[in-house]
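Before any comments, here is the structure.
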Amino acid sequence: MDTRTADEIQVPQQKTSWMEFVKTHFRDYGMLLSLLVIMLFFQVVTDGTLLRPLNLTNLVLQNSYIVIMALGMLLVIVAGHIDLSVGSIVGFVGGLAAMMMVRWGFDPVTTTIACLIVGGMIGAAQGYWVAYFKVPSFIVTLAGMLVFKGLTLALLGGMSVGPFPVGFQRLSSGFIPDMFGGEGFNYTALFLGVASVAAIIYFSFRSRANQLKHAVETAPFGLFLFKNALLAVLVVAFCYLMATYRGLPNVLVIMAVLIALYAFVTNRTTIGRRIYALGGNEKAAKLSGIKTERLTFLTFVNMGVLAGLAGLIFAARLNTATPKAGLGFELDVIAAVFIGGASATGGVGKVTGAVIGAFVMGVMNNGMSILGIGIDYQQVIKGLVLLAAVSLDVYNRKK
Amino acid sequence: MNAILEMRGITKTFPGVKALDNVNITVKAGEIHALVGENGAGKSTLMKVLSGVYPHGSYSGEIVYEGQERRFSGIADSEKLGIIIIHQELALVPLLSIAENIFLGNEQAQFGVIDWSVAFAKTKDLLKLVGLKESPDELITNLGVGKQQLVEIAKALSKKVKLLILDEPTASLNEKDSDALLNLLLRFKEQGISSILISHKLNEISKVADSITVLRDGGTVETLDCRAESISEDRIIRGMVGRTMEDRYPKREPKIGETIFQVENWSAYHPLHSHMQVVKNVNLNIRRGEIVGIAGLMGAGRTEFAMSLFGRSYGQNISGRVSLHGKEIDVSTVEKAVSNGIAYATEDRKTYGLVLAEDIRKNVTLAHLEGVSKNLVIDDIQELAVANDYRSKMRIRCSNVFQEAVNLSGGNQQKVVLSKWLFSDPEILILDEPTRGIDVGAKYEIYTIINRLADAGKGVLMISSEMPELLGMCDRIYVMNEGSLIAELDIAEASQEKIMHAIVKSGRR
Ligand SMILES: Nc1ncnc2c1ncn2[C@@H]1O[C@H](COP(=O)(O)OP(=O)(O)OP(=O)(O)O)[C@@H](O)[C@H]1O
Ligand SMILES: [Mg+2]
């Protein structure tokens, strides 16, 4: 009998060099790199305005709802679907919050909870048709987009409703107060930054040690160090800048927690794994005992809740609900996910990618506004960047 | 006789894998040249190099065809010169008609306007040539695999073929269809068409091949000339695996116990035509430690039966009783069937078996994530250990378990599907054509694993169109025809003749 094992038959694995590793993992690093290049570009052409603490804070506030929705949209797209209705849900939930607090006298906490539930219910209503009736999500959410755009108008009676109680405004305009009582410098912000860097480094070292112990292919140590150091410097520098202004916005913290949560869910949990399998091959997933319908349904419920949250944050930021709120947000969100490397046919995409994609869109919006480029050409440029990013990705994958 | 094709020193690497290493092959004009080798030996890759799927520049070495060196930059180039390849996985458009498929990309058109009467007339001639009695406007979805295969060949013929390449054309055909196809090849040979035939069915190769090139681990081992002397199957196997194999089926002393699995009055109707009963009152049982086979012709309803049983994955109006260890169990959804200890490894790995864009590791654990997770959180390291374990147990040929399933050779994909179900640790394992497209050596290993499962007191239900396989592996064989079980044979009394006899007899009724 031939007793060779598969390990002996395989080609011996060479020690991966820097260049090779970067080449094979280009897609992972490429996106982050392009974000940095875009930021650098705008930093230069705006004479340093982009990274001023005030503007940086604005950038985070302006982008938070896109990032939050991109997390949900990523799951929807990975599952092989699309949700065109999120912009309308933002408007509707914002309007509902305004009516509840301003007209009907509910307190912010009750309103927030109710609005998140309503968001989830809207997602459920749409997910039901997609998952159990097999109506294409494109159609269902296109219908949803029209329905909720109309309902927003009806709800608000075509008028803007505001302003909100101060407690609710804090959701968007509040900052984490300084526990250390610094004057003009928010030590808490810096502290949180350093603490999260420490946590990130601890976990990445631990997982690397684990990988080495089990002989998994790992990034070369130099590259690993470089990556962690770069991340640490970026986070700390960012927090330092924020500390010199008013500290970390509440929204930023919500956003960071959600990003960490969704990254964990997609990478490490069974439900995440199943969503990828569902998008990759629905029939095979089903025959592997995965409840594909329920999973599809749940991704839409999740999307609805996150769109509701985004609606609340957006309304709080404007301090008024208008019938036009959320208009066209779905385009930015979907673009962010695709720029981040998700595949339109499902099964492929990463949380980090979607977040980076959202920031690419955000930085461009912000930078071009500073430069005074009109909304007309902003759209042209954003469209071209989307096309370029995805083409590059497709090209890279073919190689 | 001079050579129509010579491939010299072909080397092709994929990231991390050297799929072909200095391969040489010479095909003489007007011969049937067989290409054999284990799963992942590089047969399909070599043919993709030849036909331009992998263009010149992506491999090293040279291709001399009809006396000239050729550098194909795509399939169109090789097709122009009469090299036509029929891939391992069929490539027809299901919702187009036979005629539309045959002339796809080669439309009978003037100024872009298709002349359907010409196309239909030509299609009719081609279908007659390959012996397919179907109307040219029949849709591909309505044809069985065997007929689809013939359409592929008709398509090849429509292109003035000189060198026909067939990659495992008979893998999913029954014996009759296979024979028809092989006879077709012999007829082509008389007309001067050369062909290259890849197959794991060595009896077919002995039957039609004029010469045989053996690949192993990406290199040429030898070329055998069948004209000079007749080459035995054992001789071919020796070349393929580098050793002699005494037995095709591992020996086993069956230790059969009480009945553990029972299906009573199982019926199912066609998913679209609710009056068509596809599975008719099936009653069967499996005892502890027993391997039970279901024989039958292609289209006998065996897959439909198995899939309707496994979480109602096929058909409608399903009725019947299933019990395990004497207790009735609920198999109304796949999830329930799996958690009640039933597993079904599909015959159609690409459509129903694998998530192609995911790596081996994720595919192996997909049906039993609970086995590698705690509180819904997956333990990466444990998962990796499981995947590596199956990789070596099943001898999955890959650079590592992070390789995407889409990049595996056909046979190795099949092993991944089997691993997935073995890992779910079932009480009853239903195998649908478990060794389709798998080489002789690996078959032996898969048989060993099936035997081990039976010896551990589980029950195995094996559906196969290869009767020798059923006769070599099973303890008892049911015969199915047109959706009903028509005979039950103990292995001691079973034979190919008896099975065929039962089928023919029931067909006459
Ligand atoms: N696109 C690819 N990327 C990486 N590796 C590949 C790719 N295609 C093939 N391989 C590898 O090349 C080797 C040869 O594959 P090939 O498909 O030619 O095998 P084969 O002889 O046709 O096997 P089978 O009998 O199972 O069909 C395998 O180890 C396979 O994993
Ligand atoms: Mg092959």
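Just so it is clear, none of the values below were taken in a lab; they were calculated from the coordinates. As the structure is a prediction and not an experimental result, all values here were calculated from the model. When we count neighbours, we look across all protein chains shown, and the Cβ atoms used for this are built from the backbone with ideal geometry, even at glycine.
The Cα-based radius of gyration and maximum Cα-Cα distance (Dmax) for the stretch A:131-233 are 24.5, 64 Å.
Divide the volume of the convex hull around the Cα atoms of chain B by the residue count and you get 168 Å³ per residue. Averaged over peptide B:398-407, the number of partner chain Cβ atoms lying within 10 Å of each residue's Cβ comes to 2.
Our summary of shape: the Cα atoms of the stretch A:322-368 have principal axis extents of 36, 24, 13 Å, ordered from largest down, in whole angstrom.
Averaged over the residues of A:272-285, the number of partner chain Cβ atoms lying within 10 Å of the residue Cβ comes to 6. Highest-first packing order for the peptide set A:82-94, B:487-499 is A:82-94, B:487-499, based on the mean count of other beta carbon atoms within 10 Å.
Lysine pairs in the stretch B:252-402 8 or more apart or on different chains: how many have alpha carbons under 19 angstrom apart? Lysine pairs meeting the criterion: 4. Evaluated over the Cα positions of the stretch B:352-396, the convex hull gives a direction-averaged projected area, one quarter of its surface, of 3.4 nm². Only helices enter this figure: runs of n ≥ 4 DSSP H residues, each worth -39500 (n - 2.57), summed and divided by the residues of chain B, yield -9500 deg cm²/dmol at 222 nm to the nearest 500. At the listed q of 0.13, 0.15, 0.18 Å⁻¹, the Debye profile of the stretch B:60-209, built from one uniform point per Cα, gives log10 I(q)/I(0) equal to -0.62, -0.82, -1.14. You can think of it this way: the chain between A:Ile254 and A:Gln43 has 73.3 nm of extra reach, that is 0.36 nm per residue less the Cα-Cα gap. Computed from the C-beta positions of B:Asp125 and B:Glu482 and an R0 of 30 Å, the FRET efficiency is 0.35 to the nearest 0.05.
For the protein assembly as shown, the antiparallel share of DSSP beta bridges with both residues in that region comes to about 60%. Summing +1 for each Lys or Arg and -1 for each Asp or Glu among the other residues whose beta-carbon sits under 13 angstrom from that of B:Gly326 gives 0. Counted over all Cα-Cα pairs of the stretch A:241-320, pairs farther apart than 21 Å make up 47 percent. Comparing A:Ile117, A:Ile259, A:Ile381 in a Gaussian network model of chain A where C-alpha atoms under 10 Å apart are linked, the largest mean-square fluctuation is found at A:Ile381.
Take the convex hull of the alpha carbons in the protein assembly as shown; its mean projected area over all directions comes to 43.2 nm². As an equivalent ellipsoid, the stretch B:354-491 spans semi-axes of 29, 17, 13 angstrom, where each value is the square root of five times an eigenvalue of the C-alpha gyration tensor, largest first. Computed from the C-beta positions of B:Arg71 and B:Asp247, the FRET efficiency with R₀ = 41 Å rounds to 0.30.
Taken over the C-alpha atoms, the stretch A:181-329 has Rg and Dmax values of 20.4, 62 angstrom. Specify whether the C-alpha gyration tensor of chain A places it in the rounded, prolate or oblate class, a ≥ b ≥ c being the square roots of the eigenvalues: rounded for a/c under 1.5, otherwise prolate if a/b is larger than b/c and oblate if not. Here chain A falls in the oblate category. For a label point 7 Å from the Cα of A:Met179 along Cα→C-beta, name the residues of the stretch A:243-274 whose backbone N is under 15 Å from it. What the label zone holds, given the 15 Å backbone N cut-off, is A:248. Per-residue extension of 0.36 nm, minus the Cα-Cα distance of B:Asn281 and B:Val113, leaves a gain of 55.3 nm for this segment.
For the stretch A:287-399, the mean projected area of the C-alpha convex hull, equal to one quarter of the hull surface, is 9.7 nm².
Using the Cβ-Cβ distance between A:Ser369 and B:Ala385 with R0 set to 60 Å, the FRET efficiency from 1/(1 + (r/R0)^6) comes to roughly 0.70. Over every Cα atom in the stretch B:1-119, the radius of gyration and the widest Cα-Cα span, Dmax, amount to 16.9, 51 Å. Protection proxy ranking, highest mean first, for peptides A:337-344, B:58-65: A:337-344, B:58-65, where packing is the per-residue count of other beta-carbon atoms within 10 Å, averaged. Spacing of the modelled spin labels on B:Glu264 and B:His325, each 7 Å from Cα toward Cβ, amounts to 2.0 nm. Peptide B:364-370 has a mean of 5 when you count, residue by residue, the C-beta atoms of other protein chains within 10 Å of its C-beta.
Got a sec to turn the phi values of the stretch B:19-35 into Karplus ³J(HN,Hα) couplings, 6.51 cos²θ - 1.76 cosθ + 1.60 with θ = phi - 60°, whole Hz, x for Gly and Pro? Once θ is set to phi - 60°, the couplings for the stretch B:19-35 become 6, 10, 10, 6, 8, 10, 8, 10, 10, 7, 5, x, 10, 9, 10, 8, 10 Hz. Each Cα pair under 8 Å and six or more residues apart adds its sequence gap; the mean of these over the residue count of the stretch B:1-51 is a relative contact order of 33 percent.
Taking 7 Å along the Cα-to-C-beta vector as the label spot, tell me the A:Leu231-A:Phe203 distance in nanometres, rounded to one decimal. In this crude label model, A:Leu231 to A:Phe203 measures out at 0.8 nm. Around A:Gly304, what is the net charge, scoring Lys/Arg as +1 and Asp/Glu as -1 over all other residues with Cβ under 14 Å from its Cβ? My count for the surroundings of A:Gly304 gives -2.
When the scattering of the stretch B:46-115 is computed by the Debye formula from its Cα atoms alone, each counted once and equally, what is log10 I(q)/I(0) at q = 0.17, 0.28 Å⁻¹? Per q value, in the given order, log10 I(q)/I(0) is -0.75, -1.25. Remind me, relative contact order of chain A in percent, using alpha carbon pairs under 8 angstrom and six or more residues apart? After rounding, I find 34 percent. Could you list, in their original order, any pairs among A:Lys134/B:Lys48; B:Lys155/B:Lys176; A:Lys134/B:Lys124 whose Cα atoms are separated by more than 29 Å? From the list (A:Lys134/B:Lys48; B:Lys155/B:Lys176; A:Lys134/B:Lys124), the Cα-Cα distance tops 29 Å for A:Lys134/B:Lys48; A:Lys134/B:Lys124. Summary value for chain B: 15 percent relative contact order, contacts being C-alpha pairs under 8 angstrom separated by 6+ residues.
Considering only beta bridges that DSSP places wholly inside chain B, some 60 percent are antiparallel. A straight line joining the Cα centroids of the stretch A:309-327 and the stretch B:336-388 runs 43 Å. Protection proxy ranking, highest mean first, for peptides B:420-432, B:370-382: B:420-432, B:370-382, where packing is the per-residue count of other beta-carbon atoms within 10 Å, averaged.
B:Gly289 sits among other residues whose Cβ lies under 14 Å from its own Cβ, and their net charge, with Lys and Arg +1 and Asp and Glu -1, is +1.
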